[in-house]
Structures are given as structure tokens and as C-alpha cells.
């Protein structure tokens with residue numbers, strides 16, 4: 001069953017409209033074998049068995065899978081372009097919010113409202129079986145407003161924190177991509193299950209911590225304090241963000257290899273944007289914690 005959580009809604013762990021399993025290589029042989037494990041051939045609403053001519057029949061063992069030579073299929077250029085549009089929308093929203101909204105209780109309320117709207121749009125998109133560019137760009141715009149306001153607030157108290165958080169996000173993303181491309185991390189079904197179990201446990205613990213803080217049981221933020229404990233939790237959250245990045249990279253790689261429809265590039269951009277926002281917010285908190293303890 002596909003997850004309704006936009007953070008966990010990846011093609012890699014959905015059974016109905018996603019990849020049947022990680023590292024499921026394209027199969028050689030007849031049409032029945034060629035469609036096994038391929039989300040875009042068996043029961044696909046986008047194509048009538050694109051592997052009927054089996055593009056992998058002449059593929060040598062161990063060679064990387066090649067996308068079928070058909071039109072309308074997702075390419076890396078599609079993913080890069082959609083990701084640039086989505087992340088660019090986030091950046092524009094953040095810059096406008098920073099420039100036009102002074103730090104105040106009103107702007108803080110607007111940031112919370114924007115975050116809630118972005119969450120609702122992300123949830124709606126996660127329930128849809130097809131990508132909706134309007135929903136994705138709408139999510140990006142409201143997420144940008146939220147990030148712009150909180151970044152300005154952090155910068156007012158810890159000068160330069162947003163810039164350091166951006167650099168940290170870029171460093172984590174680049175290091176994760178390097179590790180993934182080098183093959184040091186293999187995104188298998190077992191890897192995804194273990195990582196998701198840890199991520200779900202983390203989210204549940206953070207939800208309980210939020211309730212305890214709200215009712216005054218856990219003072220000073222509890223596990224999300226500005227002390228060493230908060231720093232440890234922040235590092236764990238960033239590592240989880242890196243884990244989600246590896247799933248995003250695998251989704252993109254498999255989508256291109258299996259000849260996913262071009263519209264899937266929007267979903268890849270959507271997943272990358274959510275993950276990068278996650279990492280940036282946690283990096284912003286971590287920079288603030290280390291700046292406070294200097």
C-alpha cells in the first residue's frame with residue numbers, strides 16, 4: 001500500500017503504483033518476464049507493454065540497464081528541469097517572504113499558516129496517482145514563504161545561520177550523491193525497510209515530545225532543546241534526510257531505467273524538494289545550537 005505521508009510516499013516502497021522492489025533488474029526474455037517487477041509495463045496507465053520488444057534482451061550481464069527507446073519517457077534532463085523549477089519556486093518564495101515580511105508575531109503566524117497549507121498540498125499530491133504540477137509548485141511556493149520567515153527569524157538571532165544552513169544542506173546532498181554513485185550504499189528493499197522503520201519511530205518520538213512540550217511536561221523543548229541533546233537529535237534528523245535522498249536517487253535511476261513516463265519527473269522533483277527542505281530546516285536548527293554554545 002502506498003504511504004499517505006508525503007515524506008514516505010516514494011515509488012520505491014509502494015506496492016500498487018510503485019516499484020515492486022529495489023534492485024529489481026529489468027528481465028530478459030518474453031513479454032511476461034519483461035514486465036515482471038516493472039511498474040510501467042504491467043498494468044501501467046501510460047503504456048501498452050513498452051517491453052513487448054524487450055530492450056534488455058541483448059543486454060550483457062552486469063551492464064547498467066538502458067531506458068527503452070520510446071518517446072515520452074523520463075530523462076535526467078526532465079528531472080533536472082523540474083527540480084530546478086520546484087526548488088526555484090521555493091527560493092523565490094523564501095526571498096520574497098524575507099524581503100517583504102518583517103520579523104513579528106504576524107509574520108510568524110503567516111509562516112505557520114503557509115507551512116500548514118504546504119503540508120495539505122503535499123498530502124493531496126501524495127494521494128494522487130499522477131503528478132500535478134500545480135499542486136507541486138503550490139506546495140513549493142508556500143514552503144518557500146515558511147522557510148523565508150523562519151530563516152529571517154534565525155538570522156535575526158544568529159547572524160548568518162541561514163547561509164551556513166544552505167552550505168550545510170549542499171554539503172550533505174553532495175556527499176550523499178557521491179556515496180550513492182560510488183556504490184558505497186546500496187538501496188535495497190531491506191535497506192528501505194530498516195530506514196523507514198527508524199524514520200517512523202523518529203517522527204513518532206518527535207510527535208510525543210511536541211505534546212510533552214505543549215503541556216509543559218518537557219521544559220526547554222525536551223528532545224529539541226538548544227543543548228547537546230537537541231544537537232544529537234538534529235544530527236539524527238539530518239542523517240535521516242540523507243537516507244531519504246538515497247531513496248530519491250534510486251527512484252530517479254529506476255524511473256529512467258524502466259522508461260517511466262515523463263510526468264514522473266515531477267514526482268521525482270517533489271520528493272527531492274521535500275527532502276532538501278527537511279535537511280535545511282534541521283541544519284538551520286543545528287547551526288543555531290552550535291552558535292548558542294560558542
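The values are calculated or read from the model by the stated rules, or taken from the named source; none is laboratory data. From a predicted model like this one, the values you see are computed outputs, not experimental measurements. With ideal geometry, Cβ positions are generated from the backbone for all residues, glycine too; neighbour counts draw on all protein chains shown.
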Is at least one residue of region 178-190 without any contact (Cβ under 8 Å) to a residue 40 or more places away in the chain, outside any helix (DSSP H, G or I) and within 22 Å of residue 86 (Cβ to Cβ)? no
Has region 270-278 got at least one residue that is out of contact with any helix residue (DSSP H, G or I) (no Cβ under 9 Å at 6 or more places or on another chain) and either part of a helix (DSSP H, G or I) or buried (at least 22 other Cβ atoms within 10 Å of the Cβ) (or both)? no
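Give 112, 136 a once-over and let me know the one that is assigned to a helix (DSSP H, G or I) and modelled with pLDDT of 95 or more. Outline the logic, then answer.
Numbers: 112 fails: modelled with pLDDT of 95 or more.
After applying the criteria, what remains is 136.
Only one of these is at negative phi, in a helix (DSSP H, G or I), surrounded by fewer than 18 Cβ atoms within 10 Å (Cβ to Cβ) and modelled with pLDDT under 90: 205, 200, 213, 217. Name it.
213
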Determine if region 148-156 includes at least one residue that is loosely packed, with under 15 Cβ neighbours inside 10 Å and outside any helix (DSSP H, G or I). no
Within region 233-254, work out how many residues are over 20 Å from residue 194 (Cα atoms) and either in contact with a strand residue (DSSP E or B) (Cβ under 9 Å, 6 or more places away or on another chain) or free of Cβ contacts under 8 Å to residues at least 60 places away in the same chain (or both). 1
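Check 161, 165, 131 and return the single one that is over 21 Å from residue 235 (Cα atoms), crowded, with 17+ Cβ neighbours inside 10 Å and touching a residue at least 60 places away in the same chain (Cβ under 8 Å). Show your work before the answer.
Working: 161 fails: over 21 Å from residue 235 (Cα atoms); 165 fails: over 21 Å from residue 235 (Cα atoms).
Only one candidate passes the filter, namely 131.
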Condition met for residue 141 (assigned to a helix (DSSP H, G or I), closer than 20 Å to residue 285 by Cβ and touching a helix residue (DSSP H, G or I) at 6+ places or on another chain (Cβ under 8 Å)): no
Examine region 90-106 for a residue that is within 10 Å of residue 141 (Cα to Cα), surrounded by 14 or more Cβ atoms within 10 Å (Cβ to Cβ), under 21 Å from the mean Cα position of the chain (by Cα) and in contact (Cβ under 8 Å) with a residue 60 or more places away in the chain, and state whether such a residue exists. yes
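Assess whether residue 231 counts as being within 13 Å of the chain's Cα centre (by Cα) and assigned to a helix (DSSP H, G or I).
For residue 231, the condition - within 13 Å of the chain's Cα centre (by Cα) and assigned to a helix (DSSP H, G or I) - is not met.
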Which numbered condition trips up residue 193, out of (1) over 26 Å from residue 87 (Cα atoms); (2) touching a helix residue (DSSP H, G or I) at 6+ places or on another chain (Cβ under 6 Å)? (2)
